[in-house]
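Heads up: the structure comes next, in structure tokens.
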Amino acid sequence: MTASLPHQAPPADEPAPPSRPPEPRGRMIRRRALTLLIIVLLIGVPAGYLVISANQSRDSGKDKEAKYSATGLTKGWPSGIQLRLYQVPVPDPSNNVAYYETNNWKTSRLYVQFQTTQTGLDSFLKDLGVNRSVLVKDDITISERDQGVSGWKFTGPGSRPGNDFGFVHEQKNPRPTLDVVVNTGNPDYPLVYVVSRTVP
């Protein structure tokens, strides 16, 4: 067993350290309140940010889900990337333009409709590398499935035989295949319906 060393006494000529006066109660309360506030801010602000961020992410997911689960066309022009990817040469001038895109692991489709002039129709066909000789009277090349997705109707009330002409523009993968129907109910401004299919 080892003996403990005796404590060394301070030299007689060195004064003892001054003792701190007790902290006033008001200052102690303020210091503790400030400490508590800092702790709350350090924990609460990041936690609040995480809650807001999670809610925004959830809302964004719901918006995307609603967008992609909806059927029917969106009024306006497809993006330039969509037009190039699906090789749908919408001519200028065109109006009543609308589109809808679907994607899955098997096939991606772009549905496009537009109304154009007779010159615009010729331009559209030329850009596909064909001419009017490919148009077959009363040939509805767009399937019932695709009509259901897009909301297009080529038979039934309001449709007239002889106004619709169709053709299929087949291309080798990875280039898309286009199912086209041209409605000439208004002979000056034909309506063109296109379903472009591509296999990812």
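With respect to being touching a strand residue (DSSP E or B) at 6+ places or on another chain (Cβ under 8 Å) and open to solvent by less than 20 Å² (accessible area, probe 1.4 Å), Gly76 falls outside the description. Residues in the range 110-124 that are in contact with a helix residue (DSSP H, G or I) (Cβ under 9 Å, 6 or more places away or on another chain) and under 24 Å from Val199 (Cβ atoms): 4 in all. Close Cβ contacts (under 7 Å, 6 or more residues apart or on different chains) running from residues in the range 89-109 that are over 13 Å from Tyr193 (Cα atoms) to residues that are open to solvent by 80 Å² or more (accessible area, probe 1.4 Å) and modelled with pLDDT under 95 comprise Ser108/Pro200.
Selection of the range 116-133 for residues being of a type outside the set (Ser, Thr, Tyr) and closer than 15 Å to Pro89 by Cβ yields Gly120, Leu121, Asp122, Phe124, Leu125, Lys126, Asp127, Leu128, Gly129, Val130, Asn131. Exactly one residue among Gly61, Gly44 is more than 28 Å from the chain's Cα centre (by Cα), surrounded by 10 or more Cβ atoms within 10 Å (Cβ to Cβ) and either at pLDDT below 90 or under 18 Å from Trp152 (Cα atoms) (or both), and that residue is Gly44. Confirm whether Leu121 is part of a helix (DSSP H, G or I), of a type in the set (A, V, I, L, M) and under 16 Å from Asn163 (Cβ atoms). So Leu121 fits the description; yes. Of all residue pairs spaced 6 or more apart or on separate chains, those with beta-carbon atoms under 8 Å, a first member in the range 133-148 that is at negative phi and a second member that is assigned to a loop (DSSP other than H, G, I, E, B) and of a type in the set (D, E, K, R) are Gln147/Lys153.
The values are calculated or read from the model by the stated rules, or taken from the named source; none is laboratory data. Just so you know, these numbers come straight off a predicted model, no measurement behind them. So basically every Cβ, Gly included, is an ideal-geometry build from the backbone, and we count neighbours across all protein chains shown. Side chains are part of the model used for accessible areas, which takes the heavy atoms of the whole protein and leaves out ligands, DNA and RNA. Shrake-Rupley method; radii C 1.70, N 1.55, O 1.52, S 1.80 Å.
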